[in-house]
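*Asks:* Following this message is one structure expressed as structure tokens.
The values are calculated or read from the model by the stated rules, or taken from the named source; none is laboratory data. Worth saying up front: this structure is predicted, and the values here are computed from it rather than measured. With ideal geometry, Cβ positions are generated from the backbone for all residues, glycine too; neighbour counts draw on all protein chains shown. Note: areas computed on protein heavy atoms with side chains; ligands, DNA, RNA excluded. Shrake-Rupley method; radii C 1.70, N 1.55, O 1.52, S 1.80 Å.
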Amino acid sequence: MIRKIVVASVLGFLVSASGAAAQERRWQEIGIQGTGFFTKDSSGNGINQHATDTGGFLLSYRYHFNRWLAADASYGYARNTQQNFASSGPFSVQANVHQATGALVVTAPRRIFRLNPFVLAGAGALVFDPIGNAGGFVSGAQSQSRPAFVYGGGADYELSKHFTLRAEYRGFVYERPDFDLAALHSGATAHTAQPSAGIVFRF
């Protein structure tokens, strides 16, 4: 009898849990945003480093497990010039910057004046790929990837059932690229701010 009661209780719990999960709303999003790309100056090993401010774009896919938790996968692109000022002279490397990141997103469960605020944190990589332009290339510079921590937040403004406007900020923390050149290695930690705005399709 006790065994039957335990089995019935467990089955009842599983049925209730599966029913609650089935009722939990899930959806997906695809977004495209224009971005700014602003890197803070840094220094180390006698090298002062500056990156030119630039713009780019961000493509993102977001899967919502429920009203407040989601997973985000994003790809971004920008192009800037890494300027290095050392005792031996200035060295500039213009490069395409590719970003690939994954993050967890926590969204406010209720809208505030049609706004859905959210915060995110995750990790990924920034890939710096020299393009070889005259005046923006150092002999021997190689494509280089840097692991990066990403954090940020933003808000979605609902236009309709399937479309929202998104304003967002992302920050990246990573080791400054040296393009595999000892003369450019500073060992400094870099921080890049990436504000963005765009449109999101929800389905």
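*Asks:* Restricting the search to region 165-179, which residues are among the hydrophobic types (A, V, I, L, M, F, W, C), assigned to a strand (DSSP E or B) and in contact with a Ser or Thr (Cβ under 9 Å, 6 or more places away or on another chain)? Full working, then the answer.
*Replies:* First pass over region 165-179, keeping only residues among the hydrophobic types (A, V, I, L, M, F, W, C): 165, 167, 172-173, 179.
Right, trim to assigned to a strand (DSSP E or B) and you get 165, 167, 172-173.
Residues satisfying the conditions are 167, 172, 173.
*Asks:* Please pick out the residue among 67, 79, 110 that is assigned to a strand (DSSP E or B), farther than 15 Å from residue 170 by Cα, basic (Lys, Arg) and touching a strand residue (DSSP E or B) at 6+ places or on another chain (Cβ under 9 Å). Spell out how you get there, then give the answer.
*Replies:* Details: 67 fails: assigned to a strand (DSSP E or B); 110 fails: assigned to a strand (DSSP E or B).
The conditions single out 79.
*Asks:* Something else about it: Look through 126, 115 and report the one residue that is among the aliphatic types (A, V, I, L, M) and either within 14 Å of the chain's Cα centre (by Cα) or under 30 Å from residue 46 (Cα atoms) (or both). Full working, then the answer.
*Replies:* Values: 115 fails: either within 14 Å of the chain's Cα centre (by Cα) or under 30 Å from residue 46 (Cα atoms) (or both).
Just one listed residue meets the conditions, 126.
*Asks:* If residue 172 satisfies every condition in (1) among the aromatic types (Phe, Trp, Tyr); (2) surrounded by fewer than 20 Cβ atoms within 10 Å (Cβ to Cβ); (3) closer than 20 Å to residue 81 by Cβ but one, which is the exception?
*Replies:* (2)
*Asks:* Among the listed residues 188, 197, which satisfies the condition of being touching a residue at least 24 places away in the same chain (Cβ under 8 Å), surrounded by 13 or more Cβ atoms within 10 Å (Cβ to Cβ) and under 22 Å from residue 56 (Cβ atoms)? Don't jump to the end; show me each part of the working.
*Replies:* Numbers: 188 fails: under 22 Å from residue 56 (Cβ atoms).
Going through 188, 197 in turn, just one is touching a residue at least 24 places away in the same chain (Cβ under 8 Å), surrounded by 13 or more Cβ atoms within 10 Å (Cβ to Cβ) and under 22 Å from residue 56 (Cβ atoms): 197.
*Asks:* Filter region 122-164 down to the residues that are assigned to a strand (DSSP E or B) and among the aliphatic types (A, V, I, L, M), then identify the one that is nearest to residue 181 (Cα to Cα). Walk me through how you get there before you give the answer.
*Replies:* Narrowing region 122-164 to residues assigned to a strand (DSSP E or B): 122-130, 144-158, 163-164.
So of that shortlist, the ones also among the aliphatic types (A, V, I, L, M) come out as 123, 125-127, 148, 150, 155.
Values: 123: 25, 125: 19, 126: 17, 127: 16, 148: 20, 150: 26, 155: 41 Å.
Filtering region 122-164 for residues that are assigned to a strand (DSSP E or B) and among the aliphatic types (A, V, I, L, M), the one nearest to residue 181 (Cα to Cα) comes out as 127.
*Asks:* With modelled with pLDDT under 95 and touching a Pro at 6+ places or on another chain (Cβ under 9 Å) as the only criterion, which of 45, 84 stands out?
*Replies:* Working: 45 fails: touching a Pro at 6+ places or on another chain (Cβ under 9 Å).
Going through 45, 84 in turn, the sole match is 84.
*Asks:* May I pose another question? Condition first: in contact with a Leu (Cβ under 9 Å, 6 or more places away or on another chain) and among the small types (Gly, Ala, Ser). Can you find one or more residues in region 82-95 that meet it? Lay out the reasoning, then the answer.
*Replies:* First, pick out the residues of region 82-95 that are in contact with a Leu (Cβ under 9 Å, 6 or more places away or on another chain): 82, 84, 86, 91, 93.
Now drop any that are not among the small types (Gly, Ala, Ser), which leaves 86.
Yes, there is a match, as at least one residue in region 82-95 is in contact with a Leu (Cβ under 9 Å, 6 or more places away or on another chain) and among the small types (Gly, Ala, Ser).
One line per residue, one yes/no per condition, for (1) over 16 Å from residue 196 (Cβ atoms); (2) touching a Pro at 6+ places or on another chain (Cβ under 8 Å); (3) crowded, with 20+ Cβ neighbours inside 10 Å:
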{"position": "102", "(1), (2), (3)": "yes, no, no"}
{"position": "108", "(1), (2), (3)": "yes, yes, no"}
{"position": "120", "(1), (2), (3)": "no, no, yes"}
{"position": "131", "(1), (2), (3)": "yes, no, no"}
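*Asks:* I'm checking my understanding of the structure. Among residues of region 1-42 that are at pLDDT 95 or above and open to solvent by 60 Å² or more (accessible area, probe 1.4 Å), which one is farthest from residue 161 (Cα to Cα)?
*Replies:* Of everything passing the filter in region 1-42, 41 is farthest from residue 161 (Cα to Cα).
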